[in-house]
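This report concerns only the one structure given below.
Read the figures in this text as sums done on the coordinates, not as results from a lab. Just so it is clear, the structure is predicted and the values come from calculations on it, not from any experiment. A quick note on method: Cβ atoms are made from the backbone with ideal geometry, for glycine too, and the neighbour counts reach across all protein chains shown.
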Amino acid sequence: TPELAPPMSGDVIVHADPSRYGEPVKVSDLSADKLVRAWGMGKTSDGGTVIRDKDPTSVLALYRFPKGQIVEPTNLEATIDGEIVAYGDRCTHAGCNVGDNAQQPGLMNCPCHSGQYDPKQGCKVVGGPPPHPLPQLPIKLQGDQIVATGFFLSVPYGFNKEEDWKQYT
Ligand code: FES
């Protein structure tokens, strides 16, 4: 079913927060020290839209950093102008939602076992037990909407078996 599918090419990135649920995320909504949680919104076969919010692995976290701060191993081609990045927001350790690091703005902190990720460096693990980076979602700007251009670039939590994710690569 489309609402269980992961975010994919053509999906419009929409707010997950209940106060703005389903509204397309705008560039002006984004900042460097406070993530915006989002879902992909795709088209259904009958021309309607569907928010892919039924699999917790599909939830996204978006940031906007000043130019030059986002560096490798981030896939820069998959960012918007090297300023806006999107990642899957489920910790690769045990699947908790990863939040902002209040002590170190610009880093991410997993509330479950203090896994630390750096969204400016491809969400690589910079502390704690997570075994893998958070998966980056390739995005572009289309008009004033943020749109996915493909599937996650690495295997997200919940697809810990590489073979299960292969259908999406
Ligand atoms: Fe995130 Fe354990 S679930 S550090």
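Sort out which residues of the range 107-151 are of a type in the set (Gly, Ala, Ser) and within 16 Å of the ligand (Cβ to nearest atom), and write them in order of number. Spell out the reasoning first.
Taking the range 107-151 first, the residues of a type in the set (Gly, Ala, Ser) are 114-115, 122, 127-128, 143, 148, 150.
Ser114, Gly115, Gly127, Gly128 - these are the residues of the range 107-151 that are of a type in the set (Gly, Ala, Ser) and within 16 Å of the ligand (Cβ to nearest atom).
Among the residues making up the range 1-23, those that are assigned to a helix (DSSP H, G or I) and either surrounded by 13 or more Cβ atoms within 10 Å (Cβ to Cβ) or under 17 Å from the mean Cα position of the chain (by Cα) (or both) are Pro2, Glu3, Leu4, Arg20. The C-beta contact set for the range 70-82 (first residue over 19 Å from Ala148 (Cα atoms), second residue of a type outside the set (A, V, I, L, M, F, W, C) and assigned to a loop (DSSP other than H, G, I, E, B), distance under 8 angstrom, 6+ apart or interchain) comprises Glu72/Gly122; Pro73/Gly122; Pro73/Pro133. Evaluate the range 50-65: report whether one residue or more is surrounded by fewer than 17 Cβ atoms within 10 Å (Cβ to Cβ) and free of Cβ contacts under 8 Å to residues at least 40 places away in the same chain. So far as the range 50-65 goes, no, none of its residues is surrounded by fewer than 17 Cβ atoms within 10 Å (Cβ to Cβ) and free of Cβ contacts under 8 Å to residues at least 40 places away in the same chain. Candidates Gly158, Gly95, Gly82: the one that is part of a loop (DSSP other than H, G, I, E, B), within 16 Å of the ligand (Cβ to nearest atom), touching a helix residue (DSSP H, G or I) at 6+ places or on another chain (Cβ under 7 Å) and among the small types (Gly, Ala, Ser) is Gly158.
Among the residues of the range 8-55, those identified as in contact with a helix residue (DSSP H, G or I) (Cβ under 9 Å, 6 or more places away or on another chain) and under 21 Å from Gly82 (Cβ atoms) are Asp29, Ala32, Leu35, Val36. Looking only at the range 151-169, residues that are closer than 13 Å to Ala5 by Cβ, of a type in the set (Ser, Thr, Tyr) and buried (at least 19 other Cβ atoms within 10 Å of the Cβ) come to 0 in all. Within the range 24-48, being more than 16 Å from the chain's Cα centre (by Cα) and either free of Cβ contacts under 8 Å to residues at least 12 places away in the same chain or farther than 17 Å from Pro2 by Cα (or both) holds for Ser28, Ser45, Asp46, Gly47, Gly48. Kindly indicate the residue of the range 114-150 that is among the small types (Gly, Ala, Ser) and not in a loop (DSSP other than H, G, I, E, B) and also surrounded by the most Cβ atoms within 10 Å (Cβ to Cβ) among those meeting that condition. Ranking the qualifying residues of the range 114-150, first place goes to Ala148.
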